[in-house]
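Have a look at the structure below before the remarks.
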Amino acid sequence: MSLLVVGLSHRSAPVSVLERASLAADTQAKLLQDTLAAEPAAEGAVLATCNRIELYADVDKFHAGVAELSTLLAQHSGVGLEELTPYLYVHYEDRAVHHLFSVACGLDSMVVGEGQILGQIKDALALGQDLHTAGRLLNDLFQQALRVGKRAHSETGIDRAGQSLVTFGLEQLADGADVDSWAAGKRALVIGAGSMSSLAAATLARVGVSEIVIANRTSARAERLVQILTEPGGTGVAARAVEMVAVGDELTRADIVVSCTGATGLVLTGEAVEAAMKDRTAPLALLDLAMPRDIDAAAHRMANVRLVDIESLADASADAPMAADVDQVRAIVSDEVAAFGAAQRAAHITPTVVALRTMAADVVAGEVARLEGRLPGLDDKQRAEITQTVRRVVDKLLHAPTVRVKQLASEPGGAGYADALRTLFDLDPETVASVSRADLNDADVKNRGRV
């Protein structure tokens, strides 16, 4: 089986296509279930963010896998396959590992170096584990991607190369002014209470807004976010929660609005923004981080309103400077890809080595039993000594070849050594397969809940 990723992102597709192809949470679950039901795929995971949709799978056939995954993405995104295909990219085996590790480090993000992608990768793994679509390969891959991302942020200055979409968006709204000075004393309205909205609220508190109002369809989540913002030792900002029906009224008082919900339609229509502007003279800054968009693009054309959305952020980030630390992160990614590949290749031969040692143990047991039948006068001490001697001989004979074969298997092209062992020692394929299944079950239990 081999790793395959098929996807599209802000680098390959216009925002208008990404917006239409966005996947709701229940759609992601159905996509994963259908991926495993497809013949070429044995495992599946989906990474869906505001600027990327990627489907990862362990497949046994490359071309059939690409065709199946592309079709599934089209079916579940609602964008026709013919229209979607020109924007899809495909990565296979080591290139797929390299791609995910680069994504985890923020190298492929709209704002290079942003760290929020790590949380999104963690969520993707958790979904795959909950649905049991992520097996040993994808568990190992995503767990390692999280470690690589954390390593990049701790060992380099990649954080200086970029910031979260929220911070970048506020910089665009400030239009060249110092964000802290621009935001100081302003009232903010945050629509949504998910991870991005929580990040937005925390960022707004950090840059010095005077008040944050949280509006969400689920009141409990909005209240929880308010509690986090106002708890002792927290941000110290004034915060309160409101129902979604109160958003229109809050628009007349807010100076900054950040919206990031999972709604499939507009949350702020052009009419709602226009109505709010009739009752106010102060400018209104709108930051739309949702995909598909929450705020009507018509707000762009309204007087005294500044709207920054995913599309304008993509345009602005294209000109963002790259930090020197990016090269260091790329080196980390390359090293980690090589290490991951070596570990996977070495792990591939382990079931064969285990099966070989199991067969050797059975031979020893059989020969000792035969000897006991021919020499019934052996006492327990003699029998134990003979048994231990035979085992030591077998272990010494197998030690060097099994250690060496693991070393060779970890190198590129080393997969053939497992086949050679099975052929030379006439190992039962079902015995090897049963060891693999046991390893897979152990890995599933071990990895579940580790994110």
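The values are calculated or read from the model by the stated rules, or taken from the named source; none is laboratory data. Quick caveat, the model's predicted, so the values are computed rather than measured. Here the Cβ positions follow ideal geometry from the backbone for every residue, glycine too, while neighbour counts run over all protein chains shown. For accessibility, only protein heavy atoms count, side chains too; no ligands or nucleic acids. Shrake-Rupley method; radii C 1.70, N 1.55, O 1.52, S 1.80 Å.
Between Ala361 and Glu243, what is the spin-label point distance in nm, taking each point 7 Å from the Cα along the Cα→C-beta axis?
Result: 6.6 nm between the two label points.
When you take every Cα atom in the range 1-99, what is the radius of gyration, and what is Dmax, the widest Cα pair distance, in Å?
12.1, 35
For the range 52-68 and the range 323-369, what is the separation of their Cα centres, given in Å?
24 Å
Within a Cβ distance under 13 Å of Glu274, other residues only, what is the Lys/Arg minus Asp/Glu net charge? Mind dumping the intermediate values first?
Details: positive: Lys278, Arg280, Arg301; negative: Glu271, Asp279, Asp296.
With Lys, Arg at +1 and Asp, Glu at -1, the neighbours total 0.
Would you work out the relative contact order for the range 180-260, in percent, from Cα pairs under 8 angstrom that are 6 or more residues apart?
39 percent
With Rg/Rh (Cα atoms, Kirkwood Rh) in mind, check (i) 1.13; (ii) 1.02; (iii) 1.07 and report the label derived from this structure.
Calculated Rg/Rh (Cα atoms, Kirkwood Rh): the matching label is (i).
Restricting the count to DSSP beta bridges whose residues both fall in the chain, what percent are antiparallel, rounded to a multiple of 5?
45 percent
Taking θ as phi - 60°, what are the ³J(HN,Hα) couplings along the range 299-304 by the Karplus curve (6.51, -1.76, 1.60), each to the nearest whole Hz, with x for Gly and Pro?
After applying 6.51 cos²θ - 1.76 cosθ + 1.60, I find 5, 4, 8, 8, 5, 6 Hz.
Note down the accessible area of Asp123, probe 1.4 Å, to the nearest 10 Å².
Probe radius 1.4 Å; accessible area of Asp123 about 100 Å².
Give a quick list of trypsin sites (Lys or Arg not before Pro) in the range 1-44 that DSSP marks as loop, anything other than H, G, I, E or B, with at most 14 other Cβ atoms within 10 Å.
Working: sites: Arg11, Arg20, Lys30; in loops: Arg11.
In loop regions of the range 1-44 (DSSP not H, G, I, E or B), the sparsely surrounded trypsin sites (Lys or Arg not before Pro) are Arg11.
What ³J(HN,Hα) values, in whole Hz, does the Karplus curve 6.51 cos²θ - 1.76 cosθ + 1.60 give for the range 98-113 when θ = phi - 60°, with x put for Gly and Pro?
3J(HN,Hα) across the range 98-113, in whole Hz: 4, 5, 5, 5, 5, 4, 4, 7, x, 6, 9, 7, 4, 10, 4, x.
Skip the ligands, DNA and RNA, and give the accessible area per residue of the range 1-155 with a 1.4 Å probe, whole Å². Walk me through the intermediate numbers first.
Values: 5640 Å² over 155 residues.
Per-residue accessible area for the range 1-155 comes out at 36 Å².
Work out the length of the dipole vector of the chain about its Cα centre, built from +1 on the beta-carbon of each Lys and Arg and -1 on the beta-carbon of each Asp and Glu, and round it to the nearest 20 debye.
Dipole magnitude for the chain comes out near 1080 debye.
Leaving out ligands, DNA and RNA, what percent of the accessible area of the chain is carbon and sulfur, probe 1.4 Å?
52 percent
Can you give the relative contact order of the chain as a percent, counting alpha carbon pairs under 8 Å and 6+ residues apart?
14 percent
Give me a comma-separated list of calculated 3J(HN,Hα) values for the range 223-234, in order, Karplus coefficients 6.51, -1.76, 1.60 applied at θ = phi - 60°, integers in Hz, x for any Gly or Pro.
Calculated HN-Hα couplings, in order: 5, 5, 5, 4, 4, 5, 5, 9, 5, x, x, x Hz.
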